[in-house]
Amino acid sequence: MSHVEDHASRFLPYLTSKQIAELPDKDRAVIVLPIAAVEQHGPHLPVYTDSIICQEVLGRALDQLPEEFSIWVLPLLSYGKSNEHIAFAGTMTLTAETLMHVLKEIGASVARSGFRRLAIVNAHGGNTEIIDFVIRDIREQTKLFVFALHLYLRVATPSTGLSEAEQIYGIHAGDVETSILLHCRPELVNRELAPNSIPKHLQTFKHPPFMGPLTFAWLTEDIAPNGVMGDATVADAAKGERFLDDAATQTADLLRQIAVFRFDPEA
Ligand SMILES: [Zn+2]
């Protein structure tokens, strides 16, 4: 079990204001903002699932980064945009507008503190469009270099050990998330309630709804009345550990790339 503040030597809010003002290498330092969600995850997983996974992946990634990389982490922003799950109790969502403002205002604060690089590390699919859209506005308004790192959609899509159906439809509370929680917080998983809930009826639609050129707007209850998209019955802790380690290795590699990235067209 990992919390971002456990990594005390990289947790920015453990410094004083003066220490932050006087940090060396602010040009190169990467400020990481982790963001996740508080939202229903079926009958078997806690609503804090994405927030737990975000911190686990990021914590393991930080463990892999040598000290010479100046990478500082902000507190986790647990709340995200989760209106697809709003019909289910326990979902605590921000509107798109509020989330946009929160991200822009944190970006402005990071810039005001003298930093130049911000990386938003996101563990919830529903935040993706907002983040991708808002990072250009942050760039425009603050001149920060802003990066979006989506743990699921583009980084940790583990193909090893996942069925083909799970790779397409297993986007929520299925094999991946259940396996990860079984590894890192087994006491929070109600194993006996874990469903097999691949949305088979969607297979009549030629374009899988979560990828490809044609998509549609969905609410969770349109697809999965039990709140689960994926097969949680095949989850196990060993797979979960592998998923976490894969995601952490990829995340560490991307953070390294952000730390050395140059925007200099002459270079
Ligand atoms: Zn999730």
Problem - Residues (over 23 Å from ALA87 (Cβ atoms), at pLDDT 80 or above and open to solvent by 80 Å² or more (accessible area, probe 1.4 Å)) located in segment 168-212 - result: GLU187, ARG191, GLU192
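Tally up the residues in segment 28-39 that are part of a loop (DSSP other than H, G, I, E, B) and either basic (Lys, Arg) or open to solvent by 10 Å² or more (accessible area, probe 1.4 Å) (or both), please.
From segment 28-39, those part of a loop (DSSP other than H, G, I, E, B) are 28-29, 36-37, 39; that's our starting set.
Filter again for either basic (Lys, Arg) or open to solvent by 10 Å² or more (accessible area, probe 1.4 Å) (or both), leaving 28.
Residues in segment 28-39 being part of a loop (DSSP other than H, G, I, E, B) and either basic (Lys, Arg) or open to solvent by 10 Å² or more (accessible area, probe 1.4 Å) (or both): 1 in total.
Could you list all residues from segment 108-129 that are more than 19 Å from ILE20 (Cβ to Cβ) and buried (at least 23 other Cβ atoms within 10 Å of the Cβ)? Before you say what the answer is, go through the steps one by one.
Here is the first cut: in segment 108-129, the residues more than 19 Å from ILE20 (Cβ to Cβ) are 120-129.
Passing the criteria: ILE120, VAL121, ASN122, ALA123, HIS124, ASN127.
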Practice task
Identify the single condition in (1) buried (at least 20 other Cβ atoms within 10 Å of the Cβ); (2) touching a Ser or Thr at 6+ places or on another chain (Cβ under 8 Å) that MET92 does not satisfy, given that it satisfies every other one.
Solution key: (1)
Problem - From ASP245, ASP236, residue being of a type in the set (Asp, Glu) and either open to solvent by less than 30 Å² (accessible area, probe 1.4 Å) or under 17 Å from the mean Cα position of the chain (by Cα) (or both) - result: ASP245
Handout entry: Residue within segment 8-27 that is within 16 Å of the ligand (Cβ to nearest atom) and open to solvent by less than 60 Å² (accessible area, probe 1.4 Å) present
Key = no
Fill in the blank from the handout: For GLU68, the lone unmet condition from (1) touching a residue at least 24 places away in the same chain (Cβ under 8 Å); (2) within 24 Å of THR251 (Cα to Cα) is (1)
Practice task
With the condition kept exactly as written, say whether any residue in segment 151-163 is free of Cβ contacts under 8 Å to residues at least 60 places away in the same chain, within 15 Å of the ligand (Cβ to nearest atom) and closer than 24 Å to ILE71 by Cα.
Solution key: yes
Exercise for the section: Answer yes or no as to whether GLY90 is out of contact with any His (no Cβ under 6 Å at 6 or more places or on another chain), on the phi < 0 side of the Ramachandran plot and within 15 Å of the ligand (Cβ to nearest atom). Expected result: no
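Hey, among the residues in segment 166-194 that are in a loop (DSSP other than H, G, I, E, B) and more than 11 Å from GLY42 (Cα to Cα), which one's nearest to the ligand (Cβ to nearest atom)? Quick ask: steps written out before the conclusion?
Of all residues in segment 166-194, those in a loop (DSSP other than H, G, I, E, B) come to 170-171, 173-174, 185, 189-190, 194.
Checking the rest, the ones that are also more than 11 Å from GLY42 (Cα to Cα) come to 170-171, 185.
Numbers: GLY170: 11, ILE171: 8, ARG185: 13 Å.
Among residues in segment 166-194 that are in a loop (DSSP other than H, G, I, E, B) and more than 11 Å from GLY42 (Cα to Cα), the one nearest to the ligand (Cβ to nearest atom) is ILE171.
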Exercise for the section: Could you tell me which of the residues GLU105, GLU84, GLU97 is within 16 Å of the ligand (Cβ to nearest atom), surrounded by fewer than 23 Cβ atoms within 10 Å (Cβ to Cβ), outside any loop (DSSP other than H, G, I, E, B) and more than 12 Å from the chain's Cα centre (by Cα)? Expected result: GLU84
Completion exercise
All conditions in (1) within 14 Å of the ligand (Cβ to nearest atom); (2) crowded, with 21+ Cβ neighbours inside 10 Å are true of SER78 except (2)
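The values are calculated or read from the model by the stated rules, or taken from the named source; none is laboratory data. This structure is a prediction, so every number in the text was calculated from the model and none was measured. For neighbour counting, all protein chains shown are included, and Cβ atoms are generated from backbone atoms with ideal geometry for every residue, glycine included. Ligands, DNA and RNA are excluded from the accessible area calculation, which covers all protein heavy atoms including side chains. Shrake-Rupley method; radii C 1.70, N 1.55, O 1.52, S 1.80 Å.
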